[in-house]
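So the structure is just underneath, and the comments pick up after that.
The values are calculated or read from the model by the stated rules, or taken from the named source; none is laboratory data. What you see is a predicted model, and the numbers here were worked out from it, not measured in a lab. Don't worry about glycine lacking a Cβ; one is built from the backbone with ideal geometry, like all the others, and counts go over all protein chains shown.
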Amino acid sequence: MDRFAQFLRRQLDIDLELLRQARQDAETGTHRACLITPIRGFRECELKTRLLTAHHHCGTGNGPCDALGESYPPEDERGCPTRALLGLPYADRPGYAPRWRP
Ligand SMILES: [Zn+2]
């Protein structure tokens, strides 16, 4: 595995541990500062916005995943696996259709 992928996986492991601690704190009524800050939230939103923009045309025949043969058929609203994955964090929000699950 390349160093960049190793770095990213390590950061995800750290985030998951911080989130587990925050969930445990919420469940037990403990008040500790969550180390995942609002700035991180803004960065995550920027990431999702950039990915959605890059994959905006997938499934129409004009997106990068169409060129790779990885897009979904035109009748599938998700467009491509990347777009489907972008929706996953919002699966519990009103308006999310179960058929959109990746
Ligand atoms: Zn795509």
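Of the conditions (1) over 21 Å from TYR90 (Cα atoms); (2) away from the ligand (no atom under 16 Å from the Cβ); (3) not aliphatic (A, V, I, L, M), CYS45 fails just one. Which one is it?
Exception for CYS45: condition (1).
What do you reckon, is ARG9 loosely packed, with under 13 Cβ neighbours inside 10 Å and touching a helix residue (DSSP H, G or I) at 6+ places or on another chain (Cβ under 6 Å)?
no
Counting only residues that are hydroxyl-bearing (Ser, Thr, Tyr), within 13 Å of the ligand (Cβ to nearest atom) and either outside any helix (DSSP H, G or I) or over 17 Å from LEU51 (Cα atoms) (or both), how many does the stretch 65-102 have?
Within the stretch 65-102, residues that are hydroxyl-bearing (Ser, Thr, Tyr), within 13 Å of the ligand (Cβ to nearest atom) and either outside any helix (DSSP H, G or I) or over 17 Å from LEU51 (Cα atoms) (or both) number 2.
Being more than 30 Å from LEU19 (Cβ to Cβ) and either of a type in the set (Gly, Ala, Ser) or surrounded by fewer than 15 Cβ atoms within 10 Å (Cβ to Cβ) (or both) is the filter here, so list the residues in the stretch 40-63 that pass it.
Correct list: GLY59, THR60, GLY61, ASN62, GLY63.
Out of the stretch 23-58, which residues are touching a residue at least 24 places away in the same chain (Cβ under 8 Å) and in contact with a Cys (Cβ under 8 Å, 6 or more places away or on another chain)?
Correct list: HIS55, CYS58.
With the structure loaded, tell me whether LEU12 is at pLDDT 95 or above and closer than 19 Å to GLY87 by Cα or whether it fails that test.
It is false that LEU12 is at pLDDT 95 or above and closer than 19 Å to GLY87 by Cα.
So how many residues does the stretch 19-35 have that are basic (Lys, Arg) and modelled with pLDDT under 85?
The total comes to 1.
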